[in-house]
1. Taking P66 as meeting all but one of (1) in a loop (DSSP other than H, G, I, E, B); (2) surrounded by fewer than 18 Cβ atoms within 10 Å (Cβ to Cβ), write down the number of the exception.
2. Out of curiosity, is E99 touching a Lys or Arg at 6+ places or on another chain (Cβ under 9 Å), open to solvent by less than 80 Å² (accessible area, probe 1.4 Å) and charged (D, E, K, R)?
3. List, please: which pairs have Cβ atoms under 6 Å, are six or more places apart or on different chains, and start with a residue in the stretch 63-74 that is modelled with pLDDT of 85 or more and end with one that is open to solvent by 30 Å² or more (accessible area, probe 1.4 Å)?
4. List, please: which pairs have Cβ atoms under 9 Å, are six or more places apart or on different chains, and start with a residue in the stretch 151-164 that is under 21 Å from D119 (Cα atoms) and of a type in the set (V, I, T) and end with one that is surrounded by 13 or more Cβ atoms within 10 Å (Cβ to Cβ) and modelled with pLDDT of 90 or more?
5. Out of N105, N132, which single residue is under 27 Å from R23 (Cα atoms), touching an Asp or Glu at 6+ places or on another chain (Cβ under 7 Å) and in contact (Cβ under 8 Å) with a residue 12 or more places away in the chain?
6. Taking only the stretch 134-147 into account, find how many residues are small (G, A, S) and open to solvent by 60 Å² or more (accessible area, probe 1.4 Å).
7. Just one of the numbered conditions (1) under 25 Å from I29 (Cβ atoms); (2) at pLDDT 85 or above; (3) of a type in the set (D, E); (4) open to solvent by 60 Å² or more (accessible area, probe 1.4 Å) is not true of D131; which one?
8. Say whether the condition of being assigned to a loop (DSSP other than H, G, I, E, B), under 22 Å from L33 (Cα atoms) and either open to solvent by 40 Å² or more (accessible area, probe 1.4 Å) or at pLDDT 90 or above (or both) is met by at least one residue in the stretch 113-120.
Amino acid sequence: MTERPGERLDVYLVRTGIAASRRDARVMIENGLVRINGGRARKADLVRSGDDVTIADWPRDTAITPEPDASLEVLFQDDALLIVNKPGGIPCHPLRAGERGTVMNAVVARHSRLADVGDDPLESGLIHRLDNGTSGALMIARDNETFAALRSDIRSGRIRRRYN
């Protein structure tokens, strides 16, 4: 709740400490994690005195900084798997927290719950990697069970990758 009538939602989320930045606030709103008085919030919403603002499970302390404006081409997606096109010259994932400009920054911006998938918070469900200069399809698990199964399949040779 806020004392100021008509405060912009993104500003409210930052001022109250719910979001670390306006960019994070925008990602939260775009991913449907913010509700005002029980309804899904939109970017243009204002928070007024007496409004009930609730936040769904948001991975605040993720190692990957979401980049909602980064380009991302989705080749396939279902409940368990996301396959995206990795352009050449772009890293798959950050090497340290806060690093930007990777495919996984764009992925986590659109699919925030993936930040909790997998063994390494900097990879967030990434099943395999491609070299920075290599382009191609990247498999990203949407849950830990799929992550474990597909990583096992790659290690055992049941999934093979082919480079042209």
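1. For P66, the exception is condition (2).
2. Details: touching a Lys or Arg at 6+ places or on another chain (Cβ under 9 Å): no; open to solvent by less than 80 Å² (accessible area, probe 1.4 Å): yes; charged (D, E, K, R): yes.
The answer is no for E99.
3. Here the result reads E73/N85, each pair linking the stretch 63-74 to a residue that is open to solvent by 30 Å² or more (accessible area, probe 1.4 Å).
4. Qualifying pairs under 9 Å: I154/I127; I154/H128; I154/M139; I159/I127; I159/H128; I159/M139; I159/L150; I159/D153.
5. Just one listed residue meets the conditions, N105.
6. Narrowing the stretch 134-147 to residues small (G, A, S): 135-137, 141.
Cutting the leftovers down to open to solvent by 60 Å² or more (accessible area, probe 1.4 Å) gives us 135.
Selection size over the stretch 134-147: 1.
7. Failing condition for D131: (1).
8. Initial filter on the stretch 113-120 (assigned to a loop (DSSP other than H, G, I, E, B)): 117-120.
Retained after the next criterion (residues that are under 22 Å from L33 (Cα atoms)): 117-118.
Now drop any that are not either open to solvent by 40 Å² or more (accessible area, probe 1.4 Å) or at pLDDT 90 or above (or both), which leaves 117.
Checked against the condition, which is being assigned to a loop (DSSP other than H, G, I, E, B), under 22 Å from L33 (Cα atoms) and either open to solvent by 40 Å² or more (accessible area, probe 1.4 Å) or at pLDDT 90 or above (or both), the stretch 113-120 yields at least one hit.
The values are calculated or read from the model by the stated rules, or taken from the named source; none is laboratory data. These figures come from a predicted structure and were not determined experimentally. All Cβ positions, even for glycine, are placed from backbone atoms using ideal geometry, and neighbour counts span all protein chains on display. When the accessible area is computed, the model is the full protein with side chains, heavy atoms only, and any ligands, DNA or RNA have been set aside. Shrake-Rupley method; radii C 1.70, N 1.55, O 1.52, S 1.80 Å.
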